[in-house]
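K.L.:
First, the structure itself, so that you have it in front of you.
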Protein chains: 2
Amino acid sequence: MFCAMNRITVQEDYVEKFEYMFKTRAGEVDKEPGFVDVKILRPKQPGKPYIVLSFWETEANFQQWVDSGAYMKGHSRAFGDMKQAADEKRQMPMRSDMETFEVFAE
Amino acid sequence: MFCAMNRITVQEDYVEKFEYMFKTRAGEVDKEPGFVDVKILRPKQPGKPYIVLSFWETEANFQQWVDSGAYMKGHSRAFGDMKQAADEKRQMPMRSDMETFEVFAE
């Protein structure tokens, strides 16, 4: 099983909207081929990132979703906010760092 | 739900034993009160750590396990190797960094 761990540092004034977007997500990713599970993690330690953790049968399944129109559509609210910040030359509301893994034991 | 993410950098010559220990783990933690799930992740990107990801009903359930004799017993092989490296003034076979989270969306 493949695991994608997106480590997202969220600006303090964007935290509320960031959490709201996940709490109200449409759940479209759950219907993707090879999707297994997703968990969104709020850091308990100051200075640590939020984590979007998704599990897939294979890395190809994950990549197929990232390359899909569903991915763009599912992230349209966040991407819109990023574009607006860039247009207004403001600091980005978040930045992310993707780490990838293979689940080798459970 | 609480999530403990132990990020473990493993020396190259210890990787095989590290993986073996998880593949042959006794599964004792699974019987602990409040235990939900555990997944062990092998990094796909060079220089990134292994991850031991465990999910618990509450942080108190996790802490209770860490403070238990079962935790010491379950880690006795790894702790033995760490002690031996220290006694022989060799580099530690691994070092770990614990991050803690609350699962706020799924």
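No value in this document is a laboratory result; all are computed from the given coordinates. All values derive from a computational prediction rather than experimental measurement. Reconstructed Cβ throughout: ideal geometry from the backbone, glycine too, with neighbour counts over all protein chains shown.
K.L.:
Identify, please: which residue in the range A:5-23 is part of a strand (DSSP E or B) and at the interface with another protein chain (Cβ under 10 Å from one of its Cβ atoms) and is, among those, surrounded by the most Cβ atoms within 10 Å (Cβ to Cβ)?
P.N.:
A:5
K.L.:
Here's a follow-up. Looking only at the range A:27-50, filter to residues that are touching a residue at least 40 places away in the same chain (Cβ under 8 Å) and in contact with a Pro (Cβ under 8 Å, 6 or more places away or on another chain); which one of those is farthest from residue B:37 (Cα to Cα)?
P.N.:
A:49
K.L.:
Which of the numbered conditions does residue A:56 fail, given that it passes all the others? Conditions: (1) within 23 Å of residue B:22 (Cβ to Cβ); (2) within 12 Å of chain B (Cβ to nearest Cβ).
P.N.:
(2)
K.L.:
Which pairs turn up if I take residues in the range B:84-99 that are closer than 20 Å to residue A:5 by Cα and look for partners that are of a type outside the set (D, E, K, R) with beta carbon separation below 6 Å, at least 6 apart in sequence or on another chain?
P.N.:
Matching pairs, first to second residue: B:96/B:6; B:96/B:8; B:98/B:6; B:99/B:5.
K.L.:
Is it the case that residue B:68 is in contact with a strand residue (DSSP E or B) (Cβ under 9 Å, 6 or more places away or on another chain), without any contact (Cβ under 8 Å) to a residue 60 or more places away in the chain, on the phi < 0 side of the Ramachandran plot and surrounded by 14 or more Cβ atoms within 10 Å (Cβ to Cβ)?
P.N.:
Working: in contact with a strand residue (DSSP E or B) (Cβ under 9 Å, 6 or more places away or on another chain): no; without any contact (Cβ under 8 Å) to a residue 60 or more places away in the chain: yes; on the phi < 0 side of the Ramachandran plot: yes; surrounded by 14 or more Cβ atoms within 10 Å (Cβ to Cβ): yes.
So residue B:68 does not fit the description; no.
K.L.:
Let me ask another. Of the residues that sit in the range A:78-92 and are hydrophobic (A, V, I, L, M, F, W, C) and under 15 Å from the mean Cα position of the chain (by Cα), which one is farthest from residue A:13 (Cα to Cα)?
P.N.:
Looking at residues that are hydrophobic (A, V, I, L, M, F, W, C) and under 15 Å from the mean Cα position of the chain (by Cα), I get A:79.
K.L.:
Being within 9 Å of chain A (Cβ to nearest Cβ) and either part of a strand (DSSP E or B) or within 20 Å of residue A:100 (Cα to Cα) (or both) is the filter here, so list the residues in the range B:24-48 that pass it.
P.N.:
Once the filter is applied, which keeps residues that are within 9 Å of chain A (Cβ to nearest Cβ) and either part of a strand (DSSP E or B) or within 20 Å of residue A:100 (Cα to Cα) (or both), the range B:24-48 yields B:37, B:38, B:39, B:40, B:41, B:42, B:43, B:44, B:45, B:48.
K.L.:
Now for a different question. What residue, of B:77, B:95, is part of a helix (DSSP H, G or I), among the basic types (Lys, Arg) and more than 12 Å from chain A (Cβ to nearest Cβ)?
P.N.:
Being part of a helix (DSSP H, G or I), among the basic types (Lys, Arg) and more than 12 Å from chain A (Cβ to nearest Cβ) holds for just one of B:77, B:95, which is B:77.
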